[in-house]
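The values are calculated or read from the model by the stated rules, or taken from the named source; none is laboratory data. The model shown is predicted, which means the values in this text are computed figures rather than measured ones. Heads up, the Cβs are rebuilt from the backbone with ideal geometry, glycines too, and the neighbour counts pull from every protein chain shown.
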Amino acid sequence: MRLNLEKLNQSLDKGLSQVYLVGGSEHLLTINAIDQIRSLANKNGFLERDVYTVIPRFDWAVIEADLNNLSLFSSKKIIEIRINSESIGRSGSKAIKNLLEKLNEDILLLVSSDKIDLKLSWVKDIDLLGTIIQIWPVAIKDLPNWLKSYAKKLNLILTDEASQLLAERVEGNLLAADQELKKIFLLGENNIIDEEAVIQSVSNNSKYNIFALSEAILLGNRKRTFSILENLKLEGMQPVQILWILTSDIIKIIRLKISMIKGKPSDSIFFRLGVMKRNIPLFRLALSRYSFKDLKNLLHRAYHVDKVVKGASRGHSWCEITQLILSTFNKDLY
């Protein structure tokens, strides 16, 4: 049986399956789904838990041996298998098939994976015997509402402005959003989180941050841009973090540029791309400054910097980052 994440609570109210497969690239949602299943299992007497993390050359025989060694007097147990990829080879597929054949009312099998391929034979077997929960990332345009709903589960009230700002700052990273909400709550005096609380928290108590760098570049303020960049270097900011915000902005402007071909981009398009209302004028300014060719060249250079930062190409990370930023001001440097 296959379930959407939204239907998990309803399914658990009806009882536990003998086996679950939870998969998706959004780790916070995967973790929360597993916690829900595990919590109900604990209430139903599954008090022991064996956890196996599948790594290259993993010995699947270990799980089978542990299962065979269970005594008649053992308590109910959760066998949790964590797979970093859906590709587990023939030995892994065979091992899971054997586990499924040996399951009984005292064993709950809980498998998690970064992604799920419904065509794989062992996945099909779980589909027949248990429950598959495939988790999808939250769309950027839906993120502010998702954040408000998630904050409510933490007994927090997130204002509309705060949810918009936090959505922009975390850029779709739900684990980062979870950490920020909890940090803001610990630092705050009540459970109402407004825009100012988000600004103070996400700034990490630094004089400058990567979002200030982004705004300076969009504004076309060269002097302020390199002043902020120097401070970020002194504060220990890594090149990969700066490259992330630069590439994100370039991609957003390209998408806005494409929408201009069809007509003047409306505020709703900015919103769907995760651009805060107060930053729309900055993006409109950048739109007027760059041609489509300029943006393609910038994205190409960002791709090159990404390879340098990750060690796939030769070069000095900070020099390449600086050159990329210089290119946003001087088209001759493409």
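The number of residues in the stretch 12-34 being among the small types (Gly, Ala, Ser) and surrounded by fewer than 18 Cβ atoms within 10 Å (Cβ to Cβ) comes to 2.
Just one of the listed residues (Ile258, Ile210, Ile245) is at negative phi, at pLDDT below 90 and in contact with an Asp or Glu (Cβ under 9 Å, 6 or more places away or on another chain), and it is Ile245.
When you scan the stretch 53-74, do you find a residue that is in contact with a helix residue (DSSP H, G or I) (Cβ under 8 Å, 6 or more places away or on another chain) and hydroxyl-bearing (Ser, Thr, Tyr), even just one? Looking for residues that are in contact with a helix residue (DSSP H, G or I) (Cβ under 8 Å, 6 or more places away or on another chain) and hydroxyl-bearing (Ser, Thr, Tyr), one finds none in the stretch 53-74, hence no. Can we say Leu324 is within 30 Å of Ser163 (Cα to Cα), touching a residue at least 40 places away in the same chain (Cβ under 8 Å) and within 27 Å of the chain's Cα centre (by Cα)? No, not satisfied. For the stretch 144-154, state whether one or more residues are touching a residue at least 60 places away in the same chain (Cβ under 8 Å), assigned to a loop (DSSP other than H, G, I, E, B) and more than 16 Å from His27 (Cα to Cα). Within the stretch 144-154 (the criterion being touching a residue at least 60 places away in the same chain (Cβ under 8 Å), assigned to a loop (DSSP other than H, G, I, E, B) and more than 16 Å from His27 (Cα to Cα)), the answer is no, since none of the residues qualifies.
Residue check: Gly263 meets all listed conditions (1) of a type in the set (Gly, Ala, Ser); (2) assigned to a helix (DSSP H, G or I); (3) over 25 Å from the mean Cα position of the chain (by Cα) but one, namely (2).
The condition of being loosely packed, with under 14 Cβ neighbours inside 10 Å and of a type in the set (Lys, Arg) holds for only one of Lys153, Lys233, that being Lys153. In the stretch 282-304, the residues that are touching a residue at least 60 places away in the same chain (Cβ under 8 Å) and in the same structural domain as Ile261 (by TED's automatic domain parsing) form Cβ pairs under 8 Å with partners that are outside any helix (DSSP H, G or I) and hydrophobic (A, V, I, L, M, F, W, C), at six or more places apart or across chains, as follows: Phe283/Val275. Of the set (1) within 17 Å of the chain's Cα centre (by Cα); (2) modelled with pLDDT of 85 or more; (3) among the aliphatic types (A, V, I, L, M), all apply to Ala216 but (1). Filtering Gly263, Gly311, Gly274 for residues that are crowded, with 19+ Cβ neighbours inside 10 Å and at positive phi leaves a single hit, Gly274. Scanning the stretch 1-34 for residues being in a helix (DSSP H, G or I) and aliphatic (A, V, I, L, M) gives a total of 8.
A search for C-beta distances below 8 Å between a residue of the stretch 17-45 that is outside the structural domain of Gly130 (by TED's automatic domain parsing) and free of Cβ contacts under 8 Å to residues at least 40 places away in the same chain and any residue that is surrounded by 15 or more Cβ atoms within 10 Å (Cβ to Cβ) and in a helix (DSSP H, G or I), counting only pairs 6+ apart in sequence or on different chains, returns nothing.
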